[in-house]
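Colleague: Have a look at the structure that comes next, please.
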Amino acid sequence: MENKNALTLVGIFSLIVGLVGGYFVGNNRGVVLTEQRLLPVIETIFPKPADFTRSLTGKVASVYGTSLTLEVDDPDDYLPHVDGSPRKTEMRTVKVSANTEYSRINYQALDAQGNPSRTQASLSDIDVGEVIVVRSAENIRDAQEFEAIEVQLLRY
């Protein structure tokens, strides 16, 4: 009788292990297949950022001499977060020189054609917390430090 109970318990245990293992293997396979099917649709709606970029937009974290510290969105964190959490950010150091051009673009003041007004600006016009666009002659997608050839101060 003990052998029959032991055999029954081994059978039930094996069945449970098989069902749980099958669930995880099947569920993992389902996730992989779903991602493969949906990834082209997601990338159509939310295209992957280019591997080469010469401009970044971000918020000024600090201004020190001829260097700006800029907080920018992480280019690899481009898909929306379903939990509502904010995008990851990165800090970049922007070097400016005497050749750097500055302008202020004001989207609150439009001209007759509906374009935002543009005025000259300077490094001293840049304040912490201001949103700016920086342009460089090189690929700055992943550069932690780079030289800017143009800085645009944005007003919305």
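The values are calculated or read from the model by the stated rules, or taken from the named source; none is laboratory data. This one's a predicted model, so the numbers in the text were calculated from it and none came from an experiment. All Cβ positions, glycine included, derive from the backbone under ideal geometry; neighbour counts span all protein chains shown. Surface areas here come from the heavy atoms of the whole protein model, side chains and all, with no ligands, DNA or RNA. Shrake-Rupley method; radii C 1.70, N 1.55, O 1.52, S 1.80 Å.
Colleague: Might you let me know whether segment 91-101 holds any residue that is open to solvent by 80 Å² or more (accessible area, probe 1.4 Å), within 26 Å of K48 (Cα to Cα), at pLDDT 95 or above and not polar (S, T, N, Q)?
Modeller: Yes - at least one qualifying residue is present in segment 91-101.
Colleague: Would segment 42-58 turn up any residue that is more than 20 Å from the chain's Cα centre (by Cα) and at pLDDT 90 or above?
Modeller: Of segment 42-58, the ones more than 20 Å from the chain's Cα centre (by Cα) are none.
Looking through segment 42-58, none of the residues is more than 20 Å from the chain's Cα centre (by Cα) and at pLDDT 90 or above.
Colleague: What pairs come up if the first residue lies in segment 54-65 and is farther than 15 Å from E130 by Cα and assigned to a strand (DSSP E or B), the second is of a type in the set (S, T, Y) and open to solvent by less than 40 Å² (accessible area, probe 1.4 Å), and their beta carbons are under 9 Å apart, counting only those six or more places apart or on different chains?
Modeller: S55/S136
Colleague: Against the condition exposed (fewer than 15 other Cβ atoms within 10 Å of the Cβ) and among the charged types (D, E, K, R), how does E43 come out, does it pass?
Modeller: Numbers: exposed (fewer than 15 other Cβ atoms within 10 Å of the Cβ): yes; among the charged types (D, E, K, R): yes.
Yes; evaluated as a whole, the condition is true for this residue.
Colleague: Something else now. Considering each residue of segment 59-71, count those that are open to solvent by 30 Å² or more (accessible area, probe 1.4 Å) and within 17 Å of the chain's Cα centre (by Cα), and give that number.
Modeller: Total meeting the criteria: 2.
Colleague: Let me ask something additional. Name the strands (runs of 3 or more DSSP E) wholly inside segment 73-156 in which the number of residues that are more than 14 Å from T57 (Cα to Cα) is 2 or more.
Modeller: Qualifying strands (runs of 3 or more DSSP E): 101-110, 116-120, 145-147.
Colleague: Going residue by residue through segment 105-118, is there one that turns out to be among the aromatic types (F, W, Y) and either at pLDDT 95 or above or surrounded by 13 or more Cβ atoms within 10 Å (Cβ to Cβ) (or both)?
Modeller: no
Colleague: Filter segment 119-156 down to residues that are aliphatic (A, V, I, L, M) and surrounded by fewer than 13 Cβ atoms within 10 Å (Cβ to Cβ) and give me whichever is farthest from D51 (Cα to Cα).
Modeller: The selected residue is V128.
Colleague: Let me ask you something else. Determine whether segment 72-89 contains at least one residue that is over 30 Å from T44 (Cβ atoms) and open to solvent by 50 Å² or more (accessible area, probe 1.4 Å).
Modeller: no
Colleague: Could you please let me know if P116 is closer than 17 Å to Y156 by Cα, without any contact (Cβ under 8 Å) to a residue 40 or more places away in the chain and touching a Phe, Trp or Tyr at 6+ places or on another chain (Cβ under 8 Å)?
Modeller: Yes; evaluated as a whole, the condition is true for this residue.
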